[in-house]
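Participant: Sharing a structure below in structure tokens format, with a few things to ask.
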Amino acid sequence: MTKKIFFIIISIIAVVLLIYSFYKANDMQVVFPIKKITIETKIINANKSKIFNLAKNYLLHKSFFNFKIDALKEQLEKIEWIKNANVRRVYPDEIKIYVQEYIPKAIFNNNSYLNINGDKFFVDKIDKILPKLFAQDDRNYAIYRYYNLFNSNLLKNNIDSKVLVVSENDIRSLKIILSSGITIKLGSQNINERINMFFKIYDQLNSSDLDKIGYIDMRYSNGFSVGWK
């Protein structure tokens with residue numbers, strides 16, 4: 001090996017070591033660093049600080065151009081109450097976060113919420129004042145449909161009462177409790193028809209009678225029965 005080739009090899013090694021030392025010494029330095037993180041959505045139920053801190057920790061030491069948006073989105077969607085998250089780059093150094101929260105419409109089996117579509121979602125603490133629905137764990141959509149149907153009929157008929165509880169037992173016999181104190185027993189067959197019949201009956205009752213009624217049993221094929229308080 002000639003002295004010239006040896007000198008070239010030594011020089012290359014020296015340059016590589018110099019570059020390595022430079023990057024090692026400046027390991028925390030990022031080209032095009034992210035300087036600002038903003039949450040653009042009004043947060044109602046989720047923990048805003050948790051969203052911000054998760055994003056901040058994920059983006060730490062990452063460049064504006066090379067961090068993975070989908071990975072951050074996936075992490076954000078694991079936070080309680082977050083249904084969807086979107087992350088956008090705003091040149092030259094800002095990251096904007098948009099989130100869609102679950103909107104709870106009912107409490108299901110005292111351990112989860114149902115959203116507007118009847119989907120279950122779980123949080124650590126169930127503390128909203130909402131209608132309570134009870135059924136087998138895989139019956140969330142069915143019980144929510146019954147709740148929606150009955151509730152829409154209350155509104156349509158201008159009845160000043162709210163659904164407090166909708167429950168379905170092991171044989172799928174349905175019972176509804178209203179804020180007026182009336183319990184409606186609907187059974188397990190022909191639920192829609194029995195709900196429609198209930199509202200026809202209810203419309204014919206006197207207000208003085210309603211205060212005295214404890215339950216209305218719609219489980220008869222040709223009629224109904226009333227239990228008084």
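Participant: Just to be sure before I move on: is Ala71 of a type in the set (A, V, I, L, M) and in contact (Cβ under 8 Å) with a residue 24 or more places away in the chain in the structure I sent?
Facilitator: No: the conditions fail for Ala71.
Participant: List the pairs whose first member sits in region 160-184 and is at positive phi, whose second member is assigned to a loop (DSSP other than H, G, I, E, B) and polar (S, T, N, Q), and whose Cβ atoms are under 7 Å apart, counting only residues at least 6 apart or on separate chains?
Facilitator: If the second residue must be assigned to a loop (DSSP other than H, G, I, E, B) and polar (S, T, N, Q), the pairs left are Arg172/Ser188.
Participant: For Asp127, indicate whether it is exposed (fewer than 12 other Cβ atoms within 10 Å of the Cβ) and out of contact with any strand residue (DSSP E or B) (no Cβ under 6 Å at 6 or more places or on another chain).
Facilitator: The answer is yes for Asp127.
Participant: Just to be sure I understand, how many residues within region 56-82 are part of a loop (DSSP other than H, G, I, E, B) and hydrophobic (A, V, I, L, M, F, W, C)?
Facilitator: Counting residues in region 56-82 that are part of a loop (DSSP other than H, G, I, E, B) and hydrophobic (A, V, I, L, M, F, W, C) gives 6.
This table checks each residue for (1) in the same structural domain as Pro131 (by TED's automatic domain parsing); (2) of a type in the set (Ser, Thr, Tyr); (3) in a helix (DSSP H, G or I); (4) farther than 20 Å from Pro131 by Cβ.
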{"site": "Ile159", "(1), (2), (3), (4)": "yes, no, no, no"}
{"site": "Asn192", "(1), (2), (3), (4)": "yes, no, yes, no"}
{"site": "Asp203", "(1), (2), (3), (4)": "yes, no, yes, yes"}
{"site": "Tyr220", "(1), (2), (3), (4)": "yes, yes, no, yes"}
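Participant: Kindly state which strands (runs of 3 or more DSSP E) lie completely within region 83-141 and contain at least 1 residues that are farther than 24 Å from Glu168 by Cβ.
Facilitator: 94-101
Participant: Shifting gears a bit: Of the conditions (1) part of a strand (DSSP E or B); (2) surrounded by 15 or more Cβ atoms within 10 Å (Cβ to Cβ), Leu154 satisfies every one except a single condition; which number is it?
Facilitator: Unmet for Leu154, out of (1) part of a strand (DSSP E or B); (2) surrounded by 15 or more Cβ atoms within 10 Å (Cβ to Cβ): (1).
The values are calculated or read from the model by the stated rules, or taken from the named source; none is laboratory data. Here the structure is a predicted model, which means the values were calculated and not measured. Quick reminder, even Gly has a Cβ in these numbers, built from the backbone with ideal geometry, and neighbours come from all protein chains shown.
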